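Structure record follows, encoded as structure tokens.
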Amino acid sequence: MKRTISMALMAIFLFSLTACGGGERSDRLQVVATTTYAGDLVSIIGGDAVDVKTLMGVGVDPHDYQPRQSDTDAIAEADVLVVNGLNLEEKFGQILQNLAGPTLIVLADALEEGDLLYEDENTPDPHIWFDVSLWAKAATHVAETLSSIDPDNAEMYARRLDAYLIELNWLDAYIRARLDELPPERRVLVTAHDAFAYFGRAYDVEVHAVQGISTSAEASIADIQALAELVASLDIPAIFVESSVPERNIRSVKEAAEALGHQIVIGGSLYSDSTGDASRGTETYIRTFRANIDVIVNALSEEE
């Protein structure tokens, strides 16, 4: 009899723990974000009021990412889904069309038409995070949408937004100060794919790339040769690989430039479509962008 009572009490105790844990979890908005940038942003604005799951890990190329069944299941169970938009998440089209349940936050919806860059008439550039002023608009959009979904925490979301906007202002100032170290002729950035056009426009940097805004299209030999000739003609000292894009195209540009008699180095690896990670101290948008600008300026400042 005592054993039966003990077993019953234990069952009640375990049920209570489960219920408490479940209650605590259900009090938070369950948020799914597609990319590391989106996940970082909603985590910063949401704080303890959200639980965030990011579908694409560090170093994953979102242009080619194929959603898995576990991604579809996570989205179906979420309260909020945060995506970049502008066709960055190319393979998520069918999932988003059939979306039912979670509130959808599209970061690009924070922007006006005049904010956007286009590769061609019908292809907007999705890499909006490389203009800090546009990322500030996205942060505001996230805070406002979370507040509408969860008004009890609206004051907290507003406070966290205000604090984050101060950090973004600091980041913008840091980027400009570092770029001021470069003479105008050195403010030329050559990368694997065209992820840095917003950066170029915002910070007066000439940007060139082997591939277009999506990594899905292959670069031709003619593209590589043309870029090598440009690099040589502008006397550019360094070009850059990207953490989420294979290095072969940039290394081909380097070889082609050297065949023209122009000595050049791989200046380092830039984070483009993904943040870095905690092991490198680059796990957030701000830390990632700061690491990028340090790599760019340090490499382009060096004498050949």
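The values are calculated or read from the model by the stated rules, or taken from the named source; none is laboratory data. Given the structure is predicted, the values throughout are model-derived calculations rather than measurements. Cβ: placed from backbone, ideal geometry, glycine included. Neighbour counts: every protein chain shown.
Given the conditions (1) out of contact with any Leu (no Cβ under 9 Å at 6 or more places or on another chain); (2) surrounded by fewer than 18 Cβ atoms within 10 Å (Cβ to Cβ); (3) among the hydrophobic types (A, V, I, L, M, F, W, C), and given that LEU182 satisfies all but one, which numbered condition is not satisfied?
All conditions pass for LEU182, except number (1).
If you go through region 260-267 one residue at a time, do you hit one that is under 28 Å from VAL132 (Cα atoms), in a strand (DSSP E or B), in the same structural domain as VAL295 (by TED's automatic domain parsing) and small (Gly, Ala, Ser)?
The answer is yes; a qualifying residue exists.
Please work out which one of (1) surrounded by 15 or more Cβ atoms within 10 Å (Cβ to Cβ); (2) under 22 Å from PRO126 (Cα atoms); (3) in contact (Cβ under 8 Å) with a residue 24 or more places away in the chain is the condition ILE264 fails and give its number.
Looking at each condition in turn, ILE264 falls short on (2).
Taking only region 274-304 into account, find how many residues are touching a residue at least 40 places away in the same chain (Cβ under 8 Å), of a type outside the set (A, V, I, L, M, F, W, C) and in contact with a Leu (Cβ under 8 Å, 6 or more places away or on another chain).
3
Identify, please: which residue in region 73-87 is in contact (Cβ under 8 Å) with a residue 12 or more places away in the chain and part of a helix (DSSP H, G or I) and is, among those, surrounded by the fewest Cβ atoms within 10 Å (Cβ to Cβ)?
The initial filter retains those residues of region 73-87 that are in contact (Cβ under 8 Å) with a residue 12 or more places away in the chain, namely 74-87.
From the residues that got through so far, the ones that are part of a helix (DSSP H, G or I) too are 74-77.
On the way: ALA74: 18, ILE75: 24, ALA76: 15, GLU77: 12.
Result: GLU77.
Can you find, within region 47-72, the residue that is modelled with the lowest pLDDT among those that are aliphatic (A, V, I, L, M) and in a loop (DSSP other than H, G, I, E, B)?
Among those residues, the one meeting the criterion is VAL60.
Give the residues of region 255-280 that are among the hydrophobic types (A, V, I, L, M, F, W, C) and within 23 Å of ILE221 (Cβ to Cβ), sorted by residue number. Outline the logic, then answer.
Step one: list which residues in region 255-280 are among the hydrophobic types (A, V, I, L, M, F, W, C), which gives 256-257, 259-260, 264-266, 270, 278.
ALA256, ALA257, ALA259, LEU260, ILE264, VAL265, ILE266 - these are the residues of region 255-280 that are among the hydrophobic types (A, V, I, L, M, F, W, C) and within 23 Å of ILE221 (Cβ to Cβ).
Would you confirm whether or not region 203-225 contains a residue that is outside the structural domain of ASP115 (by TED's automatic domain parsing), buried (at least 19 other Cβ atoms within 10 Å of the Cβ) and over 24 Å from THR123 (Cβ atoms)?
No, that holds for no residue.
For region 210-240, enumerate the residues that are at pLDDT below 95 and within 21 Å of GLY276 (Cα to Cα).
Matches in region 210-240: ILE213, SER214, THR215.
How many of the residues in region 248-298 are out of contact with any Ser or Thr (no Cβ under 9 Å at 6 or more places or on another chain), of a type in the set (D, E, K, R) and under 30 Å from GLN225 (Cβ atoms)?
5
Please enumerate the residues belonging to region 88-112 that are part of a helix (DSSP H, G or I), touching a Ser or Thr at 6+ places or on another chain (Cβ under 9 Å) and within 18 Å of ASP64 (Cα to Cα).
Within region 88-112, GLU90, PHE92, ILE95 qualify.
Could you check region 113-227 for strands (runs of 3 or more DSSP E) lying wholly inside it with 2 or more residues that are touching a helix residue (DSSP H, G or I) at 6+ places or on another chain (Cβ under 9 Å) and farther than 18 Å from VAL297 by Cα?
Correct list: 206-211.
Could you check region 44-72 and list, in sequence order, the residues that are without any contact (Cβ under 8 Å) to a residue 60 or more places away in the chain and touching a strand residue (DSSP E or B) at 6+ places or on another chain (Cβ under 9 Å)?
Residues satisfying the conditions are ASP51, VAL52, LYS53, THR54, LEU55, ASP71.
Do you know which of the residues in region 268-304 that are small (Gly, Ala, Ser) and either surrounded by 14 or more Cβ atoms within 10 Å (Cβ to Cβ) or not assigned by TED's automatic domain parsing to the domain that holds ILE236 (or both) is farthest from the chain's Cα centre (by Cα)?
Top of the filtered list is SER301.
Which is in contact with a helix residue (DSSP H, G or I) (Cβ under 7 Å, 6 or more places away or on another chain) and not assigned by TED's automatic domain parsing to the domain that holds GLU90, of PRO237, PRO246?
Going through PRO237, PRO246 in turn, just one is in contact with a helix residue (DSSP H, G or I) (Cβ under 7 Å, 6 or more places away or on another chain) and not assigned by TED's automatic domain parsing to the domain that holds GLU90: PRO237.
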